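The values are calculated or read from the model by the stated rules, or taken from the named source; none is laboratory data. Remember, it's a predicted structure, so these values are computed and weren't measured experimentally. Methodologically, a virtual Cβ is constructed for each residue, glycine included, from the backbone with ideal geometry; neighbour enumeration extends over all protein chains shown. All accessible areas refer to the heavy atoms of the entire protein, side chains included, with ligands and DNA or RNA removed. Shrake-Rupley method; radii C 1.70, N 1.55, O 1.52, S 1.80 Å.
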Amino acid sequence: MASLAAKGISKVFEDGFQALTDIDLVVEPGEFVTLLGPSGCGKTTLLKTLAGFYDATTGTIEIGGTDVTAAPPEKRDTAMCFQSYALFPHLTVAENIDFGPRQAGVPKAERRDRLEGLLRQVDLEAHRDKLPNRLSGGQQQRVALARALAMRPAVVLFDEPLSNLDAKLREQVRREIRALQKEIGFTAIYVTHDQSEALAMSDRVVVMQGGRIDQVGRPEEIYARPETAFVADFIGAANLVPFEDMGGGRVKTPLGDLRAAVPPAGNATFICWRPEDVELVEAGAASENVIRGVVRDRAYQGAHTELHVATGDADLGLQRLHVAGAAPAEGAEVAFRLGADQIRFVRGALT
Amino acid sequence: MVSLSDTAPVASRRPRRPAFRRFTISNVLIAILLLVCVIWLVVPFGMAVLWSLLDPSVRWEYPDVLPPALSFARWIEVWNTTSLPMALRNSYILAPTVAVTTLILASPTAYAFARYDFPGKGAAQVLTLLPLVIPGFVLAIFFSALIFSLGIYSRFLSILLAHSVLFLPYAIRLMTVAFSNVRLDLVDAARDLGASPWARFRVAYWPALAPGILASLIIVFIQSIEEFAVAFVVGAPNFTTIPSILYSYLGYNFVRPNAAVVSLVLVIPNVLLMLGLERLLKSANPAQTGVKG
């Protein structure tokens, strides 16, 4: 039985704005699913619809096998970690964590066990009697998580929980959340606009754009086999080039004629390749899939050097290459080869 | 550790400078503030105390810095010969009723101002402040006419209505701030954690509203206790409040010591209330702290 199943969800706000269109999403028990997309893509609206703060205009939501489409948030077996943490400022850490179980009428002994267990798990035993404003941002985040977990919910919903933390702390708290999730085994739906967060934490990533789901998959699939131009561009860096199908995997592009290992699907609009998937070759090398250009710009990134290369077609813009080791200087003429199996076809338009 | 002992002489010299600067600026400012307090508050208050305790058998005139003889005779006289006991009862029944009525009337408006955007909101907010700029006597004269033509003959009810209108601006302002201090994410969090409407109010609304409610109650209470124009025009001569008695000592039969007694009766509870308000507002502080990263 799935922890959460949403079918055909759409959401139209009173002012007529359609925030969600035809969302289907099934989350298995113990799974960590990320809703990823740029701001305004509907990911937070979807999360709030799942939590019950918004009513879905169409579609059904099941949580733990029960239809909760019409249930208010307090009747749904979900618990939310808010972007602002939303800790009750006049209650201590322990009182905050205990709030949900107390409301639910959980017996006292059971409540104490949950509280002690959670305080230990989020490592806040020393701070149990402090008010939230005496804690650091990372600690407040952990209190919020413990408070949500104290409900023993079927699904924990995270609304960009790390966006108020600085970069270093964000990475640490991210690891903590993931470690706790694996330890306790709770089911999580996690909203973020940070693709590296999504790739690092998730079992599956749901990429959203314009109120629709573009692609769902494991992080590796999303990165290595993007299905749309939007996903390719949003997750990591990608070079997207229009093409003309010549049949048998051969394509005509502004970069020259290329051969892909797999022929394009009928609705494909671009070829896509990752900057790190290239191999620099001798300028004179005559081989298939070799592209020539001039280095316009070069940025040393430590592990690799990012080159922006102008190819023959000026309208196309610069191609991005990641080269390990010694990289050519600015102004140098370079030739690089794309492996036939590294050329992917994606559909959809560039936004 | 080694470097600490190396720099110790420097470290010991450093703190002296800000201390010196603090002396020159803040201390002078504090001294000025104290002086202003003394001139504006302590001196009049002290004078009132001394005047009220002046023994009727002696006079306090120019060369004497302090009264020649002190006694409670004036207090006893005022208590026995005027309607002060009744005025006290009237005022202390009226003012709390006004405070509660005003709060109840102000809250829906304040909630709308804090939570909703609607056309004409700015104009509405200015309109609710209008009673503040109308002189009390102007309001009193026309309000009494209105009250009688409406057939309301209860003096208590009339003053209650007039005071509520008069002091609504304070309550609306304070409650607007209080309602905008209610954090919606806390309301959502409480719902999400399964809280009943009552529990939601307790945990998300009350901590933010409490200081505003208390401030509104106390400020309106004090205003109502001290208000003279309406209470006099609408209430006299049947319904006496403390300020009416105070004003009766001014004008032709000006008796300074007796006026001092009534002033103190009027002022002391208010000062105590204000100090209490200060405390309550301070202790309610954590409810208003936001989230920092």
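Structure above, values below:
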read-out: Qualifying residue in segment B:199-214 (condition: farther than 18 Å from B:ARG89 by Cβ, more than 9 Å from chain A (Cβ to nearest Cβ), at pLDDT 90 or above and assigned to a loop (DSSP other than H, G, I, E, B)); value: no
read-out: Strands (runs of 3 or more DSSP E) completely within segment A:255-351 that count 2 or more residues being without any contact (Cβ under 8 Å) to a residue 60 or more places away in the chain and surrounded by 13 or more Cβ atoms within 10 Å (Cβ to Cβ); value: A:256-259, A:278-281, A:290-300, A:305-310, A:318-323, A:333-338
read-out: Candidate set: segment A:116-125, residues that are part of a helix (DSSP H, G or I) and more than 10 Å from A:VAL93 (Cα to Cα); chosen: the one farthest from the other protein chains (Cβ to nearest Cβ); value: A:ARG120
read-out: Residue in segment B:160-195 that is nearest to B:THR241 (Cα to Cα), counting only those that are open to solvent by 10 Å² or more (accessible area, probe 1.4 Å), more than 7 Å from chain A (Cβ to nearest Cβ) and not in a helix (DSSP H, G or I); value: B:ASN181
read-out: The lone exception for A:THR66 - which of (1) open to solvent by less than 50 Å² (accessible area, probe 1.4 Å); (2) more than 24 Å from the chain's Cα centre (by Cα); (3) over 28 Å from A:LEU124 (Cα atoms); (4) of a type outside the set (Lys, Arg) it fails; value: (1)
read-out: From A:GLU183, A:GLU244, residue being in contact with a helix residue (DSSP H, G or I) (Cβ under 9 Å, 6 or more places away or on another chain) and exposed (fewer than 15 other Cβ atoms within 10 Å of the Cβ); value: A:GLU183
read-out: Residue list for segment A:82-97, restricted to those being open to solvent by 20 Å² or more (accessible area, probe 1.4 Å), of a type outside the set (A, V, I, L, M, F, W, C) and out of contact with any Gly (no Cβ under 9 Å at 6 or more places or on another chain); value: A:GLN83, A:HIS90, A:THR92, A:GLU95
read-out: Test result for A:GLY105, open to solvent by 10 Å² or more (accessible area, probe 1.4 Å) and either touching a residue at least 60 places away in the same chain (Cβ under 8 Å) or within 19 Å of B:ARG202 (Cα to Cα) (or both); value: yes
read-out: Qualifying positions in segment A:148-178 - surrounded by fewer than 20 Cβ atoms within 10 Å (Cβ to Cβ) and more than 18 Å from the chain's Cα centre (by Cα); value: A:ARG152, A:ASP166, A:LYS168, A:LEU169
read-out: Looking only at segment B:72-91, and only at residues there that are part of a helix (DSSP H, G or I) and free of Cβ contacts under 8 Å to residues at least 40 places away in the same chain, the one that is most open to solvent (accessible area, probe 1.4 Å); value: B:ARG89
read-out: Candidate set: segment B:32-71, residues that are among the hydroxyl-bearing types (Ser, Thr, Tyr) and touching a residue at least 12 places away in the same chain (Cβ under 8 Å); chosen: the one most open to solvent (accessible area, probe 1.4 Å); value: B:SER57
